[in-house]
1. Considering only the range 47-63, how many residues are free of Cβ contacts under 8 Å to residues at least 60 places away in the same chain and closer than 23 Å to residue 123 by Cβ?
2. Can you find a residue in the range 53-61 that is open to solvent by 20 Å² or more (accessible area, probe 1.4 Å), of a type in the set (D, E, K, R) and at pLDDT 90 or above?
3. It is to be established whether one or more residues within the range 66-87 are open to solvent by 40 Å² or more (accessible area, probe 1.4 Å), modelled with pLDDT of 80 or more, under 30 Å from residue 154 (Cβ atoms) and of a type outside the set (Asp, Glu).
4. When you check residue 125 against the structure, is it surrounded by fewer than 15 Cβ atoms within 10 Å (Cβ to Cβ) and in contact with a Ser or Thr (Cβ under 6 Å, 6 or more places away or on another chain), yes or no?
5. Let me spell it out: the conditions are (1) touching a His at 6+ places or on another chain (Cβ under 8 Å); (2) at pLDDT 95 or above, and residue 103 meets all of them except one. Which number is the exception?
6. Taking the conditions exactly as written (out of contact with any Lys or Arg (no Cβ under 9 Å at 6 or more places or on another chain), surrounded by 15 or more Cβ atoms within 10 Å (Cβ to Cβ), among the charged types (D, E, K, R) and not in a helix (DSSP H, G or I)), does residue 23 satisfy them or not?
7. Would you say residue 168 is under 17 Å from residue 55 (Cα atoms) and modelled with pLDDT of 95 or more?
8. So, residue 43, is that one open to solvent by less than 70 Å² (accessible area, probe 1.4 Å) and modelled with pLDDT under 95 or not?
Amino acid sequence: MDSLDSSARLGARLRELREQSGRSLRSLAAELEISASALSQIERGTMQPSVNRLLAIVAALDVPLSEAFEDRPVASVAHAPHDRVVVTRASARPDPLELGTGIVYRRLSPSHMQGVDFFESTYPPHSSGDEQAVLHTHEGYEVGNVTQGTLTIRFADETVELGPGDSITYPSRTPHLISNPHDETAVAVWLIVHPEAR
């Protein structure tokens, strides 16, 4: 994957989502507690956001993480109905997103699913969801399963290491940071369930 193409695609999509929400660059940057210049660089694709920064942006815009994978306006049916079969072939799946420190997110859900984000994360060796190792919170709760390597999840009062086959769930409002301080790439599958889906 070309990280420059990924950054430009993600930045353009985040700018589109911000404009659809009616938010100005300055007001969103102020809410995120970053400079308007930094947010502008993310939107132009000259800076890759960290995992935590991306989650903060979509939360501030009140859209699910899955919206960041789209590179065009969502069709009239924005979410997959829960009462019918929806299939997306591999060739039609949105391209993965490469984030700061080389972390890659790949959407696994076949379409938008109301209240649920389903994705795979790949953390290269010595990568972190936040370059400054800041613990992050957002709405909902997370369910994760490591399929390769070892991930470390740090909470305010404990640190958990997960190896292949290990699973975890926790309220996303619990401050946390996901990282891979090891020498092997780590891959995990995640479900984020938003409050409206409970």
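1. Number satisfying all stated conditions: 6.
2. The answer is yes; a qualifying residue exists.
3. The answer is no, given that none of the residues of the range 66-87 is open to solvent by 40 Å² or more (accessible area, probe 1.4 Å), modelled with pLDDT of 80 or more, under 30 Å from residue 154 (Cβ atoms) and of a type outside the set (Asp, Glu).
4. It is false that residue 125 is surrounded by fewer than 15 Cβ atoms within 10 Å (Cβ to Cβ) and in contact with a Ser or Thr (Cβ under 6 Å, 6 or more places away or on another chain).
5. Every listed condition holds for residue 103 apart from (1).
6. yes
7. Considered against the rule, which asks whether it is under 17 Å from residue 55 (Cα atoms) and modelled with pLDDT of 95 or more, residue 168 comes out as no.
8. no
The values are calculated or read from the model by the stated rules, or taken from the named source; none is laboratory data. Please read all numbers here as calculations on a predicted model, not as lab measurements. Note that each Cβ is placed from the backbone with ideal geometry, even for glycine, and that neighbours are counted across all protein chains shown. Ligands, DNA and RNA are stripped out before the accessible areas are found, and what is left, the full protein with its side chains, is counted by its heavy atoms. Shrake-Rupley method; radii C 1.70, N 1.55, O 1.52, S 1.80 Å.
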